[in-house]
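What follows is one structure encoded as structure tokens, with my remarks underneath.
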Amino acid sequence: MNNVIHSKLDSLASRLVESNDSREEDEDDDDAIFAELEAEIENDADAAVRDRGLEQLRLEMQRAKEMRENAHGRYMEITNEKEAIRISANEPHCVIHFYHSNFRRCEIMDKHLAKLAPKYYATRFIRVFVENMPWLVEKLAIKVLPCLMCFIDGVSKDRLIGFEELGNNDAFETAVLELRLANSGVLQKARNAYESGVTYNVSSSSNTMKLRRGGQADQDDDEFDL
């Protein structure tokens, strides 16, 4: 499939999961892009390319809409502890910001995560108020705020505590946080249904915890009973 169609598929995927207040106004534009792509694919002389392209387009539309419905591309607060556990256990890539409203640095962290969420829409970004998450705070030994927990396939792979690794400066750039999270392997910017996009090496912490997802966990894993 040619690069033009690939480029338009990427554009469509990004538009479908982007978070803004004008989504209803953009629905017609999304439909137009979809119709244009469908027409271009159907006009291809190669029958195999046509079939593969139409299937790819269908899968991409379905995947992107599901991600948008599941709040991908948005940085949002979860107030229910069981819901936070469920998200951490079931999302392939997830970043949780444990915060307190009295901590100014938590507000700074919020601003940076809000910028990253739309960019890495295959990663789920959420914030949780520590007083609403007593069991999680104890289980994950959250003691210093702000604290970011990085989960991959239900396993806590990494944590970022405070601003020490960000230069210990309140004025750090979003790119510094982005690089730090990339090193943990939690950032995913999927391109389309056939391409996984950007993949980073996973640097696992020595103390990992696995959230139960219905199967048997590894013997050395700590489990969350959902």
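Residue check: is Glu83 among the charged types (D, E, K, R), surrounded by fewer than 21 Cβ atoms within 10 Å (Cβ to Cβ) and at pLDDT 95 or above? It is true that Glu83 is among the charged types (D, E, K, R), surrounded by fewer than 21 Cβ atoms within 10 Å (Cβ to Cβ) and at pLDDT 95 or above. Considering the stretch 89-114, and only residues there that are among the charged types (D, E, K, R) and assigned to a helix (DSSP H, G or I), the residue that is nearest to Ile78 (Cα to Cα) turns out to be Asp110. Sub-7 Å Cβ pairs linking a first residue in the stretch 138-161 that is among the acidic types (Asp, Glu) to a second residue that is part of a loop (DSSP other than H, G, I, E, B) and open to solvent by 50 Å² or more (accessible area, probe 1.4 Å), at least 6 apart or interchain, are Asp153/Pro92; Asp158/Ser203, ordered by first then second residue. Of the residues making up the stretch 98-114, just one is among the aromatic types (Phe, Trp, Tyr) and either touching a residue at least 60 places away in the same chain (Cβ under 8 Å) or open to solvent by 50 Å² or more (accessible area, probe 1.4 Å) (or both), namely Phe103. When the test is whether a residue is acidic (Asp, Glu) and touching a strand residue (DSSP E or B) at 6+ places or on another chain (Cβ under 7 Å), Asp110 passes it.
Scanning the stretch 127-154 for residues being in a strand (DSSP E or B) and surrounded by fewer than 20 Cβ atoms within 10 Å (Cβ to Cβ) gives a total of 1. Of all residues in the stretch 155-180, exactly one satisfies the criterion of being aliphatic (A, V, I, L, M) and part of a loop (DSSP other than H, G, I, E, B), namely Ala171. Of all residues in the stretch 126-175, those satisfying the criterion of being within 16 Å of the chain's Cα centre (by Cα) and on the phi > 0 side of the Ramachandran plot are Asp153, Gly154. Just so you know, in the stretch 115-126 the residues that are over 15 Å from Ile78 (Cβ atoms) and in a helix (DSSP H, G or I) include one that is most open to solvent (accessible area, probe 1.4 Å), and it is Lys115.
State which residue pairs qualify: first residue closer than 17 Å to Leu116 by Cβ and touching a residue at least 60 places away in the same chain (Cβ under 8 Å) and inside the stretch 83-95, second residue among the charged types (D, E, K, R) and surrounded by fewer than 20 Cβ atoms within 10 Å (Cβ to Cβ) in any location, beta carbons under 8 Å apart, and separation of 6 or more residues or different chains. Hits for this filter: Pro92/Asp153.
The values are calculated or read from the model by the stated rules, or taken from the named source; none is laboratory data. Note that the structure is a prediction, hence the values are computed from the model and not measured. Because the Cβ atoms are built from the backbone with ideal geometry, glycine has one as well, and the counts that use them run over all protein chains shown. Note: areas computed on protein heavy atoms with side chains; ligands, DNA, RNA excluded. Shrake-Rupley method; radii C 1.70, N 1.55, O 1.52, S 1.80 Å.
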